[in-house]
Structure formats: C-alpha cells, structure tokens
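Written out below as structure tokens is the structure these notes cover.
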Amino acid sequence: MIHALSTPAFPTFSGRLISDPSAMAPFLTDWRRRWTGDAIAVAQPESAEDVAIVLRWCNEHGIAVVPQGGNTGLSGGSVPEPNARALVLSLTRMARIRNVDPVNNTIIADAGCTLTQVQEAAREANRLFPLSLAAEGTCTIGGNLATNAGGVQVLRYGNVRELCLGLEVVTSNGEIWNGLRGLRKDNTGYDLRDLFIGSEGTLGVITGAVLKLSPIPAAQTVAFLSVPSPAAAVRLLEVAQRRVGSSLTAFELLTDTCLDLVLRHMPGTRRPVESASPWYVLLELSDAVSQEHAAEAIEALFELAFEEELTTDAVVSSSLSQFESLWALRENISEAQAAEGKTIKHDISLPISEIPGFLNHTDQLIRKQYPQVRLVVFGHLGDGNLHYNLSPSYSSLTDSDGGASFLFLEKELNRLVHDEVVCRGGSISAEHGLGVLRRDESMRYKSSVELKLMQALKKALDPKGLMNPAKVLA
Ligand code: FAD
Ligand code: ZN
C-alpha cells in the first residue's frame, strides 16, 4: 500500500529517491522470499549528511526507517512490515573506501561497500580483511556490522564485532556521531560502538566503519576428515588447537546426509574420502611460515588423530583447486538443501562442551517424534555454532502439498530445538540476528531484566520508535 497522498514533500538530498512500485519491489522482499512489506519510497543516500537529512525528515513526520544493505539477511530484518508507513533507506550507493592505513592495519569504509570490495581493498594494500561468507559479493559492511555477522573464520579472527574499531552512525533524530577512531584501546566511557553492532538497524544507521586488518598468511591448507561421532570431533578440535594454536582458522562439522545432498545436487563434486562416515570435519590451517610448514603441521595432526582413533580417513589439499573443491563441499550445503524443497533452519550456539550431548539427545527426540523429518546438521563447530537444519524425509518429499505439511511443523520443531539449546546455556541466534524470524521466541527465552534493559536502550536512542520497528523487540 502506498501512502502517497499523506506523504509530506521529500527534502532535497544528493542521493536517489525511488517511488515507482516496480522499481521498489526488489527492496521490499527479503533474500529467502519469506517476508514482503510496504514502503512509501526507497531512499538511496550518497553520504552521511544525506542520511542525516533523511532521518531528520522521517523523525519530524513520524515515518519509520528500515535501513538496508545488500538485503541478504536471513531473519527478515531488512524489509518493512506489511502496510507500513516506512521508508527503506538503502545504503548501497554509499560505497567508498575512505582510507587504508597499512601501518595501523586499518581500513575505513562507507557502510554500503560490499564485503568483497573491502576484502579487495585490503588485499591491494597487502593485508587481509578476514570476514568471509557466502553472500560476500552482495552483503554490505553496514549490514555485516548491524547483524554482527560471523562466517567461516571466526575461530581465528572473531566475528565482525571483533574486527571493528570505530563507527560513524546517524542517530534516529538525524545527528551524525563520528566515532571513526582506529584505536585498539579506548576506555572513555560507555562503548557506543558495541551498542550499534548487532542492533539490526533498530538504534541508528551505520554510515561508516574503521575495520581491523591482518597480515596475509603465507599458506592455507584444508583437511577433510571422517570422524566417528561429534564427541570425537570435539576432541579433535582440542587436539588441533593444542597442536597448531592460532593457525587453526576454521573447524567445520557436517554429517554424511549433508555431504550426500551436495554430491547429488552440485555438479562436479565428489566424495573426498574412500567410504561414507556418519560425520566429517573440515579444518583449515593458515600458516605464517610456508606451505611446507603447514603440510608438516597437518601430517603431525593426522598422526595424533589416528592414534587416538578420532578419525578413520583423512585427506589434505595440495593445490588451490583441491583447497577450493574441499571447501565447496561445506559451502554448498545450504544450496543443496534448498534444491530439495522446503527447509526449517536453526542457527544455534552452544558451549562446545555441550554439543555432543545436545546432538545425541535432540537428534534422538526428533527421529522418534518426527519420522517424516530429515536432519541436515552442519556448522562452525570451532565457534560452537551449528546450523541445525531440517528437511522432509525422502519418503515425504513426493507429498503433493509442496511441503506445506512439513512447514506446518515449524513452530513445534523450533520449540523443541530451542528449548534444548537454551536449557544447555545456548543461544537461539548465533550469527543471523533476531529480525522478525526469532523476535517473539527471543522474548520467551530472555529474562525480564535483560528485556527491560534492552527496551530502555531502545527508548533512549529511538524515543519515537521509528528505527526499524517490530524488529528485534516486539
Ligand atoms: P541486510 O540484509 O540488508 O540487513 C540486515 C540487517 O541489518 C537488517 O536488520 C537491516 O535493517 C540492518 N542494516 C543493514 N545495513 C545497515 C546499516 N548501514 N545501518 C544499520 N542497520 C543496517 N551470516 C553470517 O553471519 N555468517 C554466514 O556465514 C552467512 N552466510 C550467508 C550466506 C548467504 C548465501 C546469505 C544469503 C546470507 C548469509 N549470512 C551469513 C547472513 C548475513 O547476515 C548477511 O549476509 C549479511 O551480514 C547482511 O548484510 P546485508 O548488507 O545484506 O544486510
Ligand atoms: Zn554459518
């Protein structure tokens, strides 16, 4: 619904304003095509000053603001609500690299720069910006920060919160806060930067960031190991951390069901080990010395793993193409799962010590109570983060209702999985945020004290409730 008649004249700014319904459409539906909303217009500012002009106007006229980057978020936070009197604020035209400082190991980027753009600018200065995820060609640094994105190298470099030193933010009433400080130590009061990181556009608009860079490793190697159980995988993680320390950049877990999905749906893939195993680990080593040094470390690790019966088969990449094809087996799981129809996803986080017990217990519960469900479990074991996904069983795939009866189970399966997660000290959103997807469930699991503090912050920073309303908090 367009509220054109009741919309006051838009202020002059140097960006672009889109109000044609067909041109607006791509900004109103999320990546997974699960949520579609309405807006009076889409504004595409070109500077922080532009953003400030737009936010002052929205504040004055009581119009909601939905900040949007690459619109690749998976929790529905980047699109407006249906029938909303809202403006989508798309940051993608604010895409300048402002400064690279190789001595301070920092880069300052506009919020609308894509992640790939930042990685490339760092590489041109012979540095590494280590955040990496499958949507990197489209997602923006502002979106990464607003969702505190993780990805595949969190084990070594941390999530984006740990990669950010400073922010520039436009507040809900249109003031610009310049917090673009490239400091590793700054104890001067409340940490506003950390408040905006992960706030999913509900407290203000991120317009720029100072990001931390690292040296480019001399060599990268990936190993793929068959492991008998999650407990063996957790023990292998412990052994690997002891043996290679911070060279361990990724430690991923997947089941044979996941591998099987990838082999069936992704052309050119093949099983890297001789025979099937219930579980696999993919681990990556980034070595500061040389390829030979990395190969020696992996060999020594394999020896320990075989000695302790933590693995039954193991292969290691010896070329870039092998490195890429082993990683592809992990990175294509989501796409392969989607190729088989409807999915129910859980992005959960647990203390690593709790993961074997959680999997053992929850897998059994689901198999017993829901034989029509297939478990598609994988994730970043080194970070305690699992993508505990579900698909219809093979026998129910041919059901004529297009998967509707499977999706009908979503609420009760969410409850089952998330209750198990929370009672083991875990979190119902590890890296994708709450958005609208997990908003109401989160209300159920957070204590009243935590909720009161969150609501107080929201009220203080966004007194009129115009910043991405109905996201994160109900
Ligand atoms: P959007 O989707 O546009 O927005 C996401 C949220 O941030 C919304 O609430 C929005 O309002 C807010 N926002 C956006 N820009 C700003 C801004 N400048 N200021 C304030 N608020 C803002 N996530 C992971 O953590 N790890 C992964 O490995 C991972 N893999 C992915 C793989 C694929 C194929 C896809 C599609 C997504 C994946 N994601 C992953 C989800 C991830 O959250 C997003 O890809 C990314 O971080 C969001 O960036 P975006 O620019 O697309 O943000
Ligand atoms: Zn992930």
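In the stretch 334-374, of all residues being touching a strand residue (DSSP E or B) at 6+ places or on another chain (Cβ under 7 Å) and among the hydroxyl-bearing types (S, T, Y), the one that is farthest from Y445 (Cα to Cα) corresponds to T343.
Looking across the stretch 136-155, the residues that are open to solvent by less than 40 Å² (accessible area, probe 1.4 Å) and near ligand 1 (Cβ under 6 Å from one of its atoms) come down to C139, T140, G142, G143, N144, A146, A149, G150, G151. Within the stretch 439-474, restricting attention to residues that are more than 19 Å from N59 (Cβ to Cβ) and within 12 Å of ligand 1 (Cβ to nearest atom), the residue that is surrounded by the fewest Cβ atoms within 10 Å (Cβ to Cβ) is R439. Check whether at least one residue in the stretch 87-96 is under 25 Å from the mean Cα position of the chain (by Cα) and either assigned to a helix (DSSP H, G or I) or of a type in the set (K, R) (or both), and report yes or no. Yes, the stretch 87-96 contains a residue that is under 25 Å from the mean Cα position of the chain (by Cα) and either assigned to a helix (DSSP H, G or I) or of a type in the set (K, R) (or both).
Does G208 satisfy the criteria of being open to solvent by less than 50 Å² (accessible area, probe 1.4 Å), out of contact with any His (no Cβ under 8 Å at 6 or more places or on another chain) and more than 24 Å from L457 (Cα to Cα)? The answer is no for G208.
Only one entry in L359, L365 is away from ligand 2 (no atom under 13 Å from the Cβ) and surrounded by 22 or more Cβ atoms within 10 Å (Cβ to Cβ), namely L359. When L115, L133, L183 are screened for being open to solvent by 30 Å² or more (accessible area, probe 1.4 Å), within 30 Å of V244 (Cα to Cα) and within 16 Å of ligand 2 (Cβ to nearest atom), only L133 passes. In the stretch 275-289, the qualifying residues are those that are modelled with pLDDT under 95 and surrounded by fewer than 21 Cβ atoms within 10 Å (Cβ to Cβ), and the one that is nearest to the chain's Cα centre (by Cα) is A288. So, V100, is that one at pLDDT 95 or above and either open to solvent by 50 Å² or more (accessible area, probe 1.4 Å) or β-branched (V, I, T) (or both) or not? Taking the combined requirement at face value, the residue satisfies it.
Pick from the stretch 370-413 the residues that are in a helix (DSSP H, G or I) and surrounded by fewer than 12 Cβ atoms within 10 Å (Cβ to Cβ): which of them is farthest from ligand 1 (Cβ to nearest atom)? Ranking the qualifying residues of the stretch 370-413, first place goes to S395. Inside the stretch 13-39, residues that are over 20 Å from I53 (Cβ atoms) and free of Cβ contacts under 8 Å to residues at least 24 places away in the same chain make up a count of 6. Reported count of residues in the stretch 243-259, each being open to solvent by 10 Å² or more (accessible area, probe 1.4 Å) and either within 14 Å of E309 (Cα to Cα) or touching a helix residue (DSSP H, G or I) at 6+ places or on another chain (Cβ under 9 Å) (or both), is 4.
In summary, helices (runs of 4 or more DSSP H) completely within the stretch 273-357 and bearing 2 or more residues that are under 26 Å from Y388 (Cα atoms) and within 16 Å of ligand 1 (Cβ to nearest atom) occur at 320-331, 333-338. Looking at E331, is it at negative phi, of a type in the set (D, E, K, R), within 16 Å of ligand 2 (Cβ to nearest atom) and open to solvent by 20 Å² or more (accessible area, probe 1.4 Å)? Yes; evaluated as a whole, the condition is true for this residue.
For the structure I just gave you, tell me whether S391 is more than 16 Å from ligand 2 (Cβ to nearest atom) and closer than 30 Å to Q241 by Cα. When the stated conditions are applied, S391 does not pass them.
The values are calculated or read from the model by the stated rules, or taken from the named source; none is laboratory data. As the structure is a prediction and not an experimental result, all values here were calculated from the model. Positions of Cβ are backbone-derived with ideal geometry, glycine not excepted, and every protein chain shown enters the neighbour counts. Remember, those area values only see protein heavy atoms, side chains included, never the ligands or the DNA or RNA. Shrake-Rupley method; radii C 1.70, N 1.55, O 1.52, S 1.80 Å.
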